[in-house]
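Report on the following structure.
The values are calculated or read from the model by the stated rules, or taken from the named source; none is laboratory data. All figures in this text were calculated on a predicted structure; none of them were measured in a lab. Heads up, the Cβs are rebuilt from the backbone with ideal geometry, glycines too, and the neighbour counts pull from every protein chain shown. Just so you know, the surface numbers come from the protein's heavy atoms only, side chains and all, with ligands and any DNA or RNA stripped out. Shrake-Rupley method; radii C 1.70, N 1.55, O 1.52, S 1.80 Å.
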Amino acid sequence: MNSRLLSSTDQPAIDFYLASGSPRRRELLAQAGYRFAVEVSNVDETADIREADRLVVALAERKAVAVAERVEGLVLAADTVVEIDGDVLGKPRDEADAADMLRRMSGRSHRVLSGVALAHADGVDSLFTVTAVEMDAWTAADIAAYWRSGEPQGKAGGYAIQGIAGGWVKAIEGSYTGVVGLPMAETRQLLAAHGVTAVCA
């Protein structure tokens with residue numbers, strides 16, 4: 001049976017809070033038919049963890065717990081990073097940083113890891129997914145034009161697979177939605193374990 005929360009007396013029932021300001025995550029959940037409210041965590045996303053799998057889970061849990069401390073009900077959070085040659089690539093600081101990331105991934109494969117956490121009354125459940133992404137080659141002109149498009153800003157690894165950069169993705173092995181920012185099959189299972197299903201279910 002679904003849990004039911006009321007964010008206020010004049011708003012419809014929701015099933016959980018999303019601890020993220022990411023429009024991609026909001027779109028994925030809305031498209032799947034979930035009822036939720038956004039409550040951005042605003043936590044510090046830096047951590048002294050080198051292993052990408054541990055990092056994404058730790059950050060997702062940190063976000064979920066931060067929001068759970070100020071709301072009542074289930075809180076879903078996620079974090080996504082890109083890893084190549086053992087190095088974790090987060091969101092680019094500037095144009096030079098984004099260009100460096102794209103040059104490293106050009107013509108090669110890299111990994112995208114997404115951590116998902118669900119805070120509930122008894123604690124936090126979490127998981128992570130790994131997706132291999134094979135990129136076509138980027139020229140210097142491609143990279144410069146891509147930066148001018150504005151798409152790389154705020155994206156892990158400096159690219160968005162669902163946008164312009166999708167034209168450079170030759171193949172993926174794993175979760176496409178995980179690369180977008182929220183692995184939906186695994187998230188659906190996590191929510192279902194706590195009685196939350198999509199409206200269409």
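Among 158, 90, 150, the residue with the largest mean-square fluctuation in a Gaussian network model of the chain, with springs joining Cα atoms closer than 10 Å, is 150.
Taking the charge dipole of the stretch 62-105 about its Cα centre, with +1 at Lys and Arg Cβ atoms and -1 at Asp and Glu Cβ atoms, the residue from 90, 80, 66 reaching farthest to the positive side is 66.
Placing R0 at 25 angstrom, the Cβ-Cβ distance between residue 48 and residue 100 gives a FRET efficiency of 0.70 after rounding to 0.05. Using every pair of separate Cα atoms, the Kirkwood estimate puts the hydrodynamic radius of the stretch 90-130 at 12.9 angstrom. Take 101-114, 74-87 and order them by the average number of nearby Cβ atoms within 10 Å per residue, most first; the result is 74-87, 101-114. Show that you can apply the helix-only estimate: for the chain, add -39,500 (n - 2.57) for every DSSP H stretch of four or more residues, divide by all residues, and state [θ] at 222 nm to the nearest 500. Result for the chain: -9000 deg cm²/dmol, rounded to the nearest 500. Accessible surface computed residue by residue for the chain, with neighbouring protein chains in place and a 1.4 Å probe, gives 48 Å² per residue. Applied to the stretch 63-74, the Karplus parametrisation 6.51 cos²θ - 1.76 cosθ + 1.60 on θ = phi - 60° returns per-residue 3J(HN,Hα) values of 5, 4, 5, 4, 6, 4, 6, 10, 10, 10, x, 6 Hz, with x for Gly and Pro.
Rounded to the nearest angstrom and listed largest first, the equivalent-ellipsoid semi-axes of the chain from its Cα gyration tensor are 31, 17, 15. Largest GNM mean-square fluctuation across 92, 152, 23, computed for the chain with C-alpha springs under 10 Å, falls on 23. For the chain, carbon and sulfur atoms together expose 48% of the accessible surface, with a 1.4 angstrom probe and every protein chain in place. Largest mean-square fluctuation among 189, 31, 153, in a Gaussian network model of the chain whose springs join Cα atoms under 10 Å apart, belongs to 31. In order along the stretch 84-94, phi translates into HN-Hα couplings of 8, 6, x, 9, 8, 10, x, 7, x, 6, 7 Hz, rounded to whole numbers, per the Karplus curve 6.51 cos²θ - 1.76 cosθ + 1.60 with θ = phi - 60° and x for Gly and Pro. Here the 3J(HN,Hα) profile of the stretch 101-110, calculated from phi with Karplus coefficients 6.51, -1.76 and 1.60 at θ = phi - 60°, is 4, 5, 5, 5, 8, 4, x, 9, 9, 9 Hz, Gly and Pro shown as x.
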